[in-house]
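The structure appears right after this line, and notes come after that.
The values are calculated or read from the model by the stated rules, or taken from the named source; none is laboratory data. Nothing here was measured: the structure is a model prediction, and the numbers come from that model. Positions of Cβ are generated from backbone atoms using ideal geometry, with glycine treated the same way; all protein chains shown enter the neighbour counts.
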Amino acid sequence: MLIKSKDATRRGLLKGILRGGAVAMALPLLDIFLDDHGTAMAATGDPLPTRFGTWFWGLGVDHEIFTPKTVGANFDLPPQMAALEKVKQHINVFTNFNVLTDGKPNLCHFSGWVALRCGAAPGARGELPAESLDVPIAAAMGGGVRFRSLNMAATGVPRDSYSFLSGDAINPPEVSVVELYQKLFGAEFQDPNSSNFTPDPRVLLRQSALSSVKDEAKAFENMLGAIDRQRLDQYFTSVRELEKRVELQLQKPPPAPACVMPKAPAADLPIGLDIELVTERHKAMTDLLVMALACNQTRVFNMVFSDSFSALVRKGSERTHHILTHEEPIDPATQVQPHASWFVERSMEAWAYFVEALAKVPEGDGTLLDHSLVYAHSDCEFAKVHSLDGVPMFTAGKLGGKVKTGMHIDGNGDPGTRLGYTVQRLMGVPIDSWGNQSLKTSREIGEIVA
């Protein structure tokens, strides 16, 4: 029989003395903190939070050794997906979904990811026809956290972001592990499990300054033309979000059962695109993100492992992944570019690490991953010819029981926007359809909806 108590909240810590100083240690998520079903907090009745994220890798896959031969549950894992064996039960694989351009040019390593992110094919390089799907999802999920969303690029390159409001408003990624740690767990971090809470006086001053800036800028608006007003509105939006963050810092955060403040990194990783270095940076960022989610710092995130023009390089080779996809001959026996394929296998290993990291954190009746939904995709299928048919996609996580996992879904040539539409609906975005022209859809992928 489980013992429950409304008095047993995460405000209670294990306290003691170490070398003459007081110490406190956060407890793990115990049954006593949950309701009888393990799906809500006993003290408040609030449901466990859900999260949404995206994960991106560049330059697609090799159809011959990536696409499972079986559809539905218990699908096979071809060689290029072998690394996913340990997380197979947590993911869904989506193949044979196409990006249709309606006569617009196939802009190499650009058209595919733009269409899957915002539901419309771009007409020119650099054009982003609508906001990326993580933006309305963040709006639908509401506030209550420090960061509306977190963006990270394991490449270490500041331009590698796939989250945007428009072509003029790209959400910049964190590219430094040390700076990411400071942003999440630096001086402004309020431990949600601490019994003590004192608002930082610097935050009070900032709140006053923000209000003043907003009032002056609002008075300036009548002097502007339509384009500048749009830009100013985007600025106001960012100011309002910052004000909400400030307001949150003036309130004691709610308990976060799985939150344990991570150890600060000793030093930052070197700059570079060696795949070993990028993989290490990705692991470090993933570990920080996982604890940021557990500590309720954010509920929406975007992670980039490699960009769509992947310049990742293998030790001992001068040719980048991108160059290999175009210059390396196809092996007639396997119909695969062996060296280019090696990079895809490393990408799948990174994806497996990411999924497993979320799955390792216990939360309520399951894990952090069980209460999350992650949408992963690339920019094309076969990079050598920039094919937009069969752009590979994944989901990971059950979103609190709303999503079935462990399935391979064959799209039969349907638009890839069906998955973007499905995840937005699952996350509570109030839309009846999504996309435009041939990419417009109002059909959920029902096979994964529980």
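Here are some notes:
- Only one of W342, W434 that is surrounded by fewer than 20 Cβ atoms within 10 Å (Cβ to Cβ) and of a type in the set (F, W, Y): W342
- Checking each residue in region 345-372 for being hydrophobic (A, V, I, L, M, F, W, C) and over 15 Å from the mean Cα position of the chain (by Cα) picks out M348, V361.
- Evaluation of G316 against (1) at pLDDT below 95; (2) within 19 Å of E64 (Cα to Cα) (one fails), failing number: (2)
- Here the strands (runs of 3 or more DSSP E) wholly within region 67-179 that include at least 1 residues being in contact with a Phe, Trp or Tyr (Cβ under 6 Å, 6 or more places away or on another chain) and crowded, with 22+ Cβ neighbours inside 10 Å are 91-95, 150-153.
- Within region 62-95, the set of residues being modelled with pLDDT of 95 or more and within 21 Å of T325 (Cβ to Cβ) comprises D62, I65, F66, T67, P78, P79, Q80, M81, A82, A83, T95.
- Only one of the numbered conditions (1) of a type outside the set (V, I, T); (2) surrounded by fewer than 21 Cβ atoms within 10 Å (Cβ to Cβ); (3) over 24 Å from S132 (Cα atoms) is violated by G364, and that is (2).
- Residues of region 63-93 satisfying the condition of being under 25 Å from the mean Cα position of the chain (by Cα), within 22 Å of F309 (Cα to Cα) and among the hydrophobic types (A, V, I, L, M, F, W, C): F66, M81
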